[in-house]
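Asker: Below you will find the structure I want to go over with you.
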Amino acid sequence: MSFAESHTPASRASAAEAVLNSLPHTVVVVGPDGRIADANVAAESFFEASVTMLRRHYLRDFVPFGSPLLALVEQVRARGAAVNEYKVDLGTPRLPGDRIVDLHVAPVPERAGHVVVMLQERTIADKMDRQLTHRGAARSVIALAAMLAHEIKNPLSGIRGAAQLLEQSADDDDRTLTRLICDEADRIVKLVDRMEVFADERPVEREPVNIHAVLEHVKRLAQSGFARHIRFIEEYDPSLPPVLANRDQLVQVFLNLVKNATESIGHDANDGEIQLTTAFRPGVRLSLPGSKARVSLPMEFCIKDNGPGVPADLMPHLFDPFVTTKPTGSGLGLALVAKIVGDHGGIIECESQPRRTVFRVLMPKFTGYGAEPGGGT
Ligand SMILES: Nc1ncnc2c1ncn2[C@@H]1O[C@H](COP(=O)(O)OP(=O)(O)O)[C@@H](O)[C@H]1O
Ligand SMILES: [Mg+2]
């Protein structure tokens, strides 16, 4: 028997409301004129507006112009049958960001012309599946880096040497040209040097590392240098166990992320904020490509900034090498970060909207050197 039978209509309505409000998914009821008639608590946070505010608007005010959702609502109202649509992007200029949802639209038979819309945001695990492919991207650059290191540096030093010889007998005008050759050759060598990090496939030494000491060190480095004008906020879970890692590489990871965050905030901002958080989330389990096993990555480290955010068109390629929007950027920072995190058995994920960009690193828990059966959690 359902709980409804034992209730009066009024308490049944409030019970139904309570159920709707405890759902993690956005539910809105759309009236015959396209106005929002009702919405649950999840809808308030999804659309970043109160129920009262939502009820004063049309659904079309909250979704992108020409969104398939509007057509679906019309279709459901006309046909009286439910439809589903998957992976619809509901990001708008007002509510930017990665808002990929699954839509379930159904008629409300008890209320003529009303349609109920449920939005289900793509699950974290689902979003992460995409990010896992970045490991492959980092790998493909390894072979390239190794080739470049050998095939470019030698001829380059030849070219540079020849330019230096020419310089001795050149007049002033020509000397600017020979200088140019040397400077540009140096620039290429520097680039190749940076790429060699990728080619280095030697196993690194790992030990249990206190992540808070790493973050503290990174913060100190940043604050005494490039991030002087930034306010740092730390929210650490003091009970977090150590992570099995190479300390220097972890410093590299977080230094890169903090540097990017600082560069995104810019020099002129006076309200620049970077938040460092750590947490233990034993619930997150992911399946890795090519394997049925689900891994648990409960160690979560986040770097959050209030800069303008990652340009949307960059998002799908963010962790690829040579992706940069900076005039003198190398685009190797995040590729290296992704490689290191991947080498440690973890993943990195980015969520971005203006004034709220989060880079989230998830890592496995260190369960002691003698592999314990069951792996702890
Ligand atoms: N915190 C951030 N906020 C906004 N954009 C970012 C952030 N981090 C990285 N990006 C974007 O990602 C690009 C690639 O970053 P990265 O791989 O570190 O290369 P680089 O810093 O040399 O440009 C940057 O050029 C920038 O456009
Ligand atoms: Mg960078």
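The values are calculated or read from the model by the stated rules, or taken from the named source; none is laboratory data. Just so we're clear, the structure is a prediction, and the values are computed from it rather than from any experiment. Every residue, glycine among them, receives a Cβ derived from its backbone with ideal geometry; neighbour counts consider all protein chains shown.
Asker: If the requirement is being among the hydroxyl-bearing types (Ser, Thr, Tyr) and modelled with pLDDT of 90 or more, which of these qualifies: THR357, THR328, THR367, THR377?
Answerer: Unique residue meeting the criteria: THR357.
Asker: Tell me, yes or no, whether the stretch 184-199 has at least one residue that is more than 16 Å from ligand 2 (Cβ to nearest atom), touching a Leu at 6+ places or on another chain (Cβ under 9 Å) and within 30 Å of LEU297 (Cα to Cα).
Answerer: Yes - at least one qualifying residue is present in the stretch 184-199.
Asker: All but one of (1) buried (at least 18 other Cβ atoms within 10 Å of the Cβ); (2) among the charged types (D, E, K, R); (3) in contact (Cβ under 8 Å) with a residue 24 or more places away in the chain hold for ARG60, so report the exception by its number.
Answerer: Failing condition for ARG60: (1).
Asker: Given the conditions (1) within 20 Å of ALA106 (Cα to Cα); (2) out of contact with any strand residue (DSSP E or B) (no Cβ under 8 Å at 6 or more places or on another chain), and given that ALA18 satisfies all but one, which numbered condition is not satisfied?
Answerer: Of everything listed in (1) within 20 Å of ALA106 (Cα to Cα); (2) out of contact with any strand residue (DSSP E or B) (no Cβ under 8 Å at 6 or more places or on another chain), ALA18 misses just condition (1).
Asker: What are the residues in the stretch 332-358 that are assigned to a loop (DSSP other than H, G, I, E, B) and either within 10 Å of ligand 1 (Cβ to nearest atom) or without any contact (Cβ under 8 Å) to a residue 60 or more places away in the chain (or both), if any?
Answerer: LEU332, GLY345, GLY346, PRO354, ARG355
Asker: Give ARG179, ARG139 a once-over and let me know the one that is part of a helix (DSSP H, G or I), at pLDDT below 65 and among the basic types (Lys, Arg).
Answerer: Result: ARG139 is the single residue among ARG179, ARG139 that is part of a helix (DSSP H, G or I), at pLDDT below 65 and among the basic types (Lys, Arg).
Asker: Here is a further query. Filter the stretch 236-281 for residues that are surrounded by fewer than 16 Cβ atoms within 10 Å (Cβ to Cβ) and within 16 Å of ligand 2 (Cβ to nearest atom) and give the result.
Answerer: Listed by number, the residues that qualify are GLY266, HIS267.
Asker: Among the numbered criteria (1) in a helix (DSSP H, G or I); (2) away from ligand 1 (no atom under 12 Å from the Cβ); (3) touching a Phe, Trp or Tyr at 6+ places or on another chain (Cβ under 6 Å), which one does LEU244 miss?
Answerer: LEU244 satisfies every listed condition except (1).
Asker: Moving on to the next point. Can you tell me how many residues in the stretch 306-331 are free of Cβ contacts under 8 Å to residues at least 60 places away in the same chain, over 23 Å from GLY342 (Cβ atoms) and either more than 12 Å from ligand 2 (Cβ to nearest atom) or surrounded by 20 or more Cβ atoms within 10 Å (Cβ to Cβ) (or both)?
Answerer: Counting residues in the stretch 306-331 that are free of Cβ contacts under 8 Å to residues at least 60 places away in the same chain, over 23 Å from GLY342 (Cβ atoms) and either more than 12 Å from ligand 2 (Cβ to nearest atom) or surrounded by 20 or more Cβ atoms within 10 Å (Cβ to Cβ) (or both) gives 6.
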